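Chemist: Please see the structure below; I have some questions.
Bear in mind these aren't lab numbers, they're just calculated from the coordinates by the rules spelled out. What you see is a predicted model, and the numbers here were worked out from it, not measured in a lab. With ideal geometry, Cβ positions are generated from the backbone for all residues, glycine too; neighbour counts draw on all protein chains shown.
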Amino acid sequence: MSASITLRNRIAERGLIHVMAAHSPLSAILVEEAGFDGIWASGFELSALHGLPDMSFVSMSQHLDMLRAMAGRVSIPIVADIDTGYGNALNVTHAVREYERAGASAVVIEDKTFPKVTSLVAGGRQELVRTEEFQGKLEAAIATRGDPDFLVIARTEALIAGLGEEEALARAAAYEAAGADMILIHSKRKTPDEIESFARTWKGAVPLVIVPTSYPEMNEKRVRALNTIAMVIYGNHGLRAAVTAMRDTFRRIIADGGALNASRDIVSVEEIFRLQNMEAAKDSEKRFLR
């Protein structure tokens, strides 16, 4: 069974799935061990890993390298964040072909102009392409995918751009008409009111996806009550947790003049060996090195 079929089946069986962002094979392993339904191959997290703003500075090749490495170490589906599709509709055909080949089960394409600016930054440039142009991108993605179960998810930034619910709904309907399998509706409001209003008003046949970064009180109970949302993506919590932990540990070591106290509160080297699958490597050494 392909990972794309697995992703579709999980949505159909559970009604709502939870997808956590990762930016490396190690973080992807931790996502799978925690019990999430899927992995969000995050462009934001990868940009941060390189110390760069999420403004289309990280290339498709860099993102694909990360995705391939993750796909080689986990068994759960990967939803790839491909931003605007790296250009126009022809770029989208190339991207979808490559992401499917690399091991993604789905791609999310957003209706911003290229190059983009990350959605949640204050005062960021949020420009959207024409609805018809984005429909062409979606149609290109759908025509290109080799596996009919590979999901093409259309992300509208109409609320992020301040264009209002009516525009967001109109774009979402147009994207569904172009063949999108799901609609990701994004918001930077500090409460979920805007998203809940959209979800209650949405009359389309395809389900919604949300990313509750700025409105974290949007829990599973509230999501299920809306009956239109099938996927929740936690877009950057792993990265933020890692920065929190590293910053605290580094400062403690400097303050203490040594690592003794900090070492008591972090995982052992042996745990890292386990995550690296070191025992299997040792077994292979015994079997094959002569």
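Chemist: Would you work out if region 80-120 is rounded, prolate or oblate? Take a ≥ b ≥ c from the square roots of the eigenvalues of the alpha-carbon gyration tensor; rounded if a/c is under 1.5, else prolate when a/b is larger than b/c, oblate otherwise.
Modeler: Oblate is the answer for region 80-120, as a/c is 1.5 or above yet b/c matches or exceeds a/b.
Chemist: If you fit an axis through the alpha-carbon atoms of helix 3-14 and take the longest principal axis of the Cα set of the chain, what angle between them do you get, 0 to 90°, nearest 10?
Modeler: In the chain, helix 3-14 runs at an angle near 70 degrees to the longest axis.
Chemist: Still on this model: What angle do you read, to the nearest 10 degrees and between 0 and 90, between the alpha-carbon axis of helix 237-256 and the longest principal axis of the chain?
Modeler: 30 degrees
Chemist: Would you please classify the overall shape of region 141-290 from the alpha carbon gyration tensor, given that a ≥ b ≥ c denote the square roots of the eigenvalues, rounded means a/c under 1.5, and beyond that prolate means a/b larger than b/c while oblate covers the rest?
Modeler: oblate
Chemist: Mind checking which aspartates and glutamates have their Cα closer than 15 Å to the Cα of residue 190? Skip sequence neighbours fewer than 8 apart in that chain.
Modeler: Of all the aspartates and glutamates, those that pass the test against residue 190 - Cα under 15 Å, at least 8 places apart if same chain - are 217.
Chemist: How do 34-40, 253-259, 212-218, 273-279 rank on mean C-beta neighbours within 10 Å, highest first?
Modeler: Going by the mean number of other Cβ atoms within 10 Å, highest first, we get 34-40, 212-218, 273-279, 253-259.
Chemist: For the chain, what does the helix formula give at 222 nm: sum of -39500 (n - 2.57) over DSSP H segments with n ≥ 4, over the residue count, nearest 500 deg cm²/dmol?
Modeler: After summing the helix terms and dividing by residue count, I get -14500 deg cm²/dmol.
Chemist: Distance cut-off 18 Å, Cα to Cα: go down the list 112/188; 116/203; 116/137; 188/221 and report the pairs above it.
Modeler: Distance filter (> 18 Å) returns 116/203; 188/221.
Chemist: Kindly write out, for region 124-134 in residue order, the coupling ³J(HN,Hα) from the Karplus curve 6.51 cos²θ - 1.76 cosθ + 1.60 (θ = phi - 60°), rounded to whole Hz, with x marking Gly and Pro.
Modeler: Per-residue couplings from phi come out as x, 6, 10, 10, 9, 6, 4, 4, 5, 5, 6 Hz.
Chemist: So, counting K/R as plus one and D/E as minus one, what does the shell of residues with Cβ under 12 Å around residue 91 add up to?
Modeler: Net local charge, residue 91 excluded: 0.
Chemist: Applying 1/(1 + (r/R0)^6) with R0 = 22 Å to the Cβ-Cβ distance of residue 227 and residue 170, what FRET efficiency is obtained, to the nearest 0.05?
Modeler: E between residue 227 and residue 170, to the nearest 0.05, is 0.55.
Chemist: Determine, from the Cβ-Cβ distance of residue 73 and residue 247 and an R0 of 35 Å, the FRET efficiency 1/(1 + (r/R0)^6), rounded to the nearest 0.05.
Modeler: 0.85
Chemist: Separate question: Express the relative contact order of region 71-144 as a whole percentage, based on alpha carbon pairs under 8 Å and six or more residues apart in sequence.
Modeler: Reported as a whole number, the value is 36 percent.
Chemist: Contour minus end-to-end for residue 90 and residue 132, with contour as 0.36 nm per residue of separation and end-to-end as the Cα-Cα distance?
Modeler: Computed gain between residue 90 and residue 132 is 13.6 nm.
Chemist: Another question, if that's okay. For 42, 119, 284, what's the fewest-to-most ordering of other Cβ within 10 Å of each Cβ?
Modeler: Going from sparsest to densest Cβ surroundings: 284, 119, 42.
Chemist: Right, something else. Could you tell me the center-to-center distance, by alpha carbons, between region 164-183 and region 1-59 in angstrom?
Modeler: Result: 23 Å between the Cα centres.
Chemist: Could you grab the relative contact order for region 3-236? Cα pairs under 8 Å, six or more apart, rounded to a whole percent.
Modeler: 20 percent
Chemist: Taking amide H positions as placed 1.01 Å from N in the peptide plane, with prolines and chain starts having none, which residues 5 or more places from residue 80, or on another chain, fall under 5 Å of its amide H?
Modeler: For residue 80, the qualifying residues are 41, 105, 106, 107, 108.
Chemist: For region 231-290 and region 82-109, write down the distance between their C-alpha centroids in whole Å.
Modeler: 32 Å
Chemist: What's the angle, to the nearest 10 degrees (0 to 90), between helix 60-71's Cα axis and the longest principal axis of the chain?
Modeler: Relative to the chain, helix 60-71 is tipped by roughly 60 degrees.
Chemist: Would you kindly derive the ³J(HN,Hα) couplings of region 107-118 from the backbone phi angles with the Karplus curve 6.51 cos²θ - 1.76 cosθ + 1.60 (θ = phi - 60°), listing them in order in whole Hz, with x for Gly and Pro?
Modeler: 10, 10, 10, 10, 8, 8, 6, 9, x, 9, 10, 3
Chemist: Can you give the extra length, in nm with one decimal, that the chain gains between residue 287 and residue 267 once fully stretched, where that is 0.36 nm per residue apart less the Cα-Cα distance?
Modeler: Here the answer is 4.2 nm.
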